[in-house]
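K.L.:
Right, I'll just put the structure down here and ask away after.
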């Protein structure tokens, strides 16, 4: 890795750490450059301002996020349902990139041009991939008891909320969503929900 | 209602509308006062700055929110489980106050003094009330298949995410979380989950 790339990646890591606790709008370019130990001009040079920095942070989260889903779709050797396999992989991915996850899911709730573009591009693709994963399950004879839209809204709630609300989870429930042990336990509870709204494992699995 | 109170409430409504789309940090006092048609000094006079305004917005959401839970707890005449009754009431409450809901759940993911105080005060009380509602169910012989913490993390995900991610729900799924018709349909899907992780209605109810 050359120096230029190292500096750029360091600025991004610092920015995500700050966005994580203070939010994008609550963090100034000045704070980012001070924390990263570079001058303000360097940040502007690499990212063309704070908005460009947010854009790169969101891309840095959503690109590998969608890759995880795509890889899950192409992985034919799985033991369980295609949707549940992908959900496990996504939960593990978010645990490994928990700062990026909180920033991305929080910022996506705002309403401005960049977020609309991100939604149109990444979230539309995400929806498409989940639907393909469902189609694969349906092909295997698994049925879904909720409409695709409600199923995916709830799946999305289940797998993103603990990472978005990680502070509440830590302070109220004394669990650390950045810890692999949490994801291990949490995946089991998502499976309980999944089994109840599909016929993948039959009713006995949820009792 | 006297003029003073009307102005104060109008400023708050305007502020929530702006926070709803642009976030707390993305909105300036200047924009709020311009939109509300008052001068900057008036906003500062009523709320002692933007932070004071956020505090009042969060209080204006969480106080009645907790009242809904408390009322659900004291309502002995319910037909279904205490937790599920309360969940329905909370979903309806959020539909009616959907702008406040999105602002509150988004801001609570940030990490600063005010949010820590809000968590310590309101979310701790919320946890206590949900646990009391669970205790009432347990007394009636209903059992929970998840630990209280995981059960409540998932319940919270289910009932808050559609209101926090209302933009995604609208753009990707063409559903309007501000519409009572949405809550009616959504409550049914939460019930499906609820029935699967409790023994309130027996297994037949989820098939």
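The values are calculated or read from the model by the stated rules, or taken from the named source; none is laboratory data. All figures in this text were calculated on a predicted structure; none of them were measured in a lab. Neighbour counts are summed over all protein chains in view; Cβ atoms, including those assigned to glycine, are modelled from backbone coordinates with ideal geometry.
K.L.:
Name, by its number, the condition in (1) in a helix (DSSP H, G or I); (2) more than 10 Å from every other protein chain (Cβ to nearest Cβ); (3) surrounded by fewer than 17 Cβ atoms within 10 Å (Cβ to Cβ); (4) modelled with pLDDT under 95 that does not hold for residue B:120.
P.N.:
Residue B:120 satisfies every listed condition except (2).
K.L.:
Against the conditions (1) more than 8 Å from chain B (Cβ to nearest Cβ); (2) buried (at least 20 other Cβ atoms within 10 Å of the Cβ), where does residue A:187 fall short? Just the number, please.
P.N.:
The failed condition is (2).
K.L.:
Kindly indicate whether residue B:125 is surrounded by fewer than 17 Cβ atoms within 10 Å (Cβ to Cβ), within 12 Å of another protein chain (Cβ to nearest Cβ) and at pLDDT 95 or above.
P.N.:
Criteria met by residue B:125.
K.L.:
Okay, next question. Would you point out the residue of the range B:141-168, among those that are within 7 Å of chain A (Cβ to nearest Cβ) and touching a residue at least 12 places away in the same chain (Cβ under 8 Å), that is farthest from residue A:158 (Cα to Cα)?
P.N.:
B:145
K.L.:
Given the conditions (1) away from every other protein chain (no Cβ under 14 Å); (2) surrounded by fewer than 16 Cβ atoms within 10 Å (Cβ to Cβ); (3) closer than 30 Å to residue A:27 by Cα, which single one is not true for residue B:79?
P.N.:
(3)
K.L.:
Out of the residues in the range A:191-205 that are in a helix (DSSP H, G or I) and surrounded by fewer than 20 Cβ atoms within 10 Å (Cβ to Cβ), which is modelled with the highest pLDDT?
P.N.:
A:191
K.L.:
What number of residues within the range A:33-54 are under 23 Å from the mean Cα position of the chain (by Cα) and either touching a residue at least 60 places away in the same chain (Cβ under 8 Å) or over 12 Å from residue A:103 (Cβ atoms) (or both)?
P.N.:
5
K.L.:
Select from the range B:67-86 the residues that are part of a helix (DSSP H, G or I), out of contact with any helix residue (DSSP H, G or I) (no Cβ under 6 Å at 6 or more places or on another chain) and touching a residue at least 24 places away in the same chain (Cβ under 8 Å) and list them in ascending order.
P.N.:
Across the range B:67-86, the qualifying residue is only B:70.
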